[in-house]
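The values are calculated or read from the model by the stated rules, or taken from the named source; none is laboratory data. Here the structure is a predicted model, which is why all the values come from computation and not from measurement.
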Amino acid sequence: MLSTLPLEKMTLEEKFITIETVWDDILRNSPSFPSPAWHGDVLKERDALLESGREKLIDWELAKESLRNSLK
(Lines give C-alpha, C1' and ligand atoms only; values in the text may rest on other atoms or scores of the structure.)
Protein backbone atom coordinates (compact mmCIF):
# COMPACT_ATOMS: atom_id res chain seq x y z
CA MET A 1 0.00 0.00 0.00
CA LEU A 2 1.39 3.39 -0.97
CA SER A 3 0.41 6.37 1.16
CA THR A 4 0.50 9.88 -0.19
CA LEU A 5 1.57 12.62 2.18
CA PRO A 6 0.50 16.26 1.78
CA LEU A 7 4.13 17.39 1.55
CA GLU A 8 3.23 20.83 0.24
CA LYS A 9 1.13 21.43 3.37
CA MET A 10 3.63 20.03 5.87
CA THR A 11 6.08 22.18 7.80
CA LEU A 12 9.75 21.32 7.68
CA GLU A 13 9.53 20.09 11.26
CA GLU A 14 6.61 17.77 10.33
CA LYS A 15 8.63 16.41 7.41
CA PHE A 16 11.63 15.65 9.64
CA ILE A 17 9.38 13.95 12.19
CA THR A 18 7.88 11.86 9.38
CA ILE A 19 11.35 10.86 8.16
CA GLU A 20 12.36 9.90 11.69
CA THR A 21 9.19 7.82 12.09
CA VAL A 22 9.85 5.97 8.83
CA TRP A 23 13.47 5.23 9.80
CA ASP A 24 12.38 3.98 13.21
CA ASP A 25 9.89 1.65 11.53
CA ILE A 26 12.51 0.36 9.09
CA LEU A 27 14.94 -0.37 11.93
CA ARG A 28 12.26 -2.06 14.01
CA ASN A 29 11.03 -4.26 11.16
CA SER A 30 14.29 -4.93 9.28
CA PRO A 31 16.96 -5.61 11.90
CA SER A 32 19.20 -7.46 9.44
CA PHE A 33 19.21 -4.71 6.83
CA PRO A 34 22.77 -4.71 5.43
CA SER A 35 24.87 -1.55 5.47
CA PRO A 36 26.35 -0.46 2.13
CA ALA A 37 30.06 -1.18 1.64
CA TRP A 38 31.04 2.52 1.74
CA HIS A 39 29.48 2.88 5.19
CA GLY A 40 32.47 1.20 6.86
CA ASP A 41 34.84 3.75 5.29
CA VAL A 42 32.74 6.65 6.55
CA LEU A 43 32.67 5.18 10.06
CA LYS A 44 36.47 4.75 10.04
CA GLU A 45 36.89 8.40 8.98
CA ARG A 46 34.58 9.58 11.74
CA ASP A 47 36.36 7.43 14.33
CA ALA A 48 39.67 9.00 13.27
CA LEU A 49 38.19 12.50 13.67
CA LEU A 50 36.94 11.61 17.15
CA GLU A 51 40.26 10.11 18.20
CA SER A 52 42.16 13.16 16.96
CA GLY A 53 39.86 15.49 18.88
CA ARG A 54 38.71 17.31 15.74
CA GLU A 55 35.13 16.14 16.35
CA LYS A 56 33.02 15.59 19.47
CA LEU A 57 30.03 13.37 20.14
CA ILE A 58 26.76 14.81 21.38
CA ASP A 59 23.73 12.99 22.71
CA TRP A 60 21.31 12.02 19.91
CA GLU A 61 18.29 13.41 21.76
CA LEU A 62 20.10 16.74 22.22
CA ALA A 63 21.06 16.77 18.53
CA LYS A 64 17.44 16.20 17.46
CA GLU A 65 16.24 18.91 19.83
CA SER A 66 18.82 21.32 18.47
CA LEU A 67 17.70 20.59 14.92
CA ARG A 68 14.06 21.03 15.82
CA ASN A 69 14.79 24.35 17.54
CA SER A 70 16.75 25.62 14.55
CA LEU A 71 13.73 24.94 12.32
CA LYS A 72 11.31 27.01 14.38
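Quick look at the values:
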| quantity | calculated |
| --- | --- |
| Helices (runs of 4 or more DSSP H) contained in the chain and holding at least 2 residues over 18 Å from the mean Cα position of the chain (by Cα) | 37-52 |
| The one condition in (1) on the phi < 0 side of the Ramachandran plot; (2) at pLDDT 90 or above that Leu71 fails to fulfil | (2) |
